[in-house]
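*Asks:* Sharing a structure here in structure tokens format.
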Amino acid sequence: MSGWSPPSPPRELAVGFGVAFVVVTLYAILVQNAVLWAILLGLLVGLGYALWRLLVAVEAIADGVHRLADGSDDR
């Protein structure tokens, strides 16, 4: 097994998204009194993360296929 591991989002980016999510959620609940907007935002953030992880997985599969096609398997 190779030592490759999928990239993870930078900590600053994750913290930034977390803070922005909390601020917008509090605004939606306390000011707008619209809980569904907060739920929708959470679903959109989760969907974005899932799509990013899917892209990383597809890139890893493509990289593995290229290594096998080149015959440079690192076993």
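*Asks:* Which value, in debye to the nearest 20, gives the size of the charge dipole of the chain about its Cα centre, when Lys and Arg are +1 and Asp and Glu are -1 at the Cβ?
*Replies:* Working: 4 positive and 6 negative charges, 58 e Å.
In debye, rounded to 20, the chain gives about 280.
*Asks:* Sorted by accessible area with a 1.4 angstrom probe, largest first, how do Ile39, Ile61, Ile29 fall? Intermediate results must be reported in sequence, preceding the final value.
*Replies:* Values: Ile39 90, Ile61 115, Ile29 70 Å².
My answer, sorted largest first, is Ile61, Ile39, Ile29.
*Asks:* Follow-up. Computed from the coordinates I sent, Rg and Dmax of the Cα atoms in Å equals one of (i) 11.2, 31; (ii) 16.1, 53; (iii) 18.8, 60. Tell me the label.
*Replies:* Read-out from the structure maps to (iii).
*Asks:* Within the chain, what whole-number % of the accessible surface is contributed by carbon and sulfur, with the 1.4 Å probe and all protein chains included in the calculation? Before the final figure, lay out each step's value.
*Replies:* On the way: 4460 of 6330 Å².
Here it works out to 70 percent.
*Asks:* Can you work out the accessible area per residue across the chain, with the rest of the protein chains kept in place, probe 1.4 Å, in square angstrom?
*Replies:* Value returned for the chain: 84 Å² of accessible area per residue.
The values are calculated or read from the model by the stated rules, or taken from the named source; none is laboratory data. The model shown is predicted, which means the values in this text are computed figures rather than measured ones. All Cβ positions, glycine included, derive from the backbone under ideal geometry; neighbour counts span all protein chains shown. The area values use the complete protein model at the heavy-atom level, side chains included, leaving out ligands, DNA and RNA. Shrake-Rupley method; radii C 1.70, N 1.55, O 1.52, S 1.80 Å.
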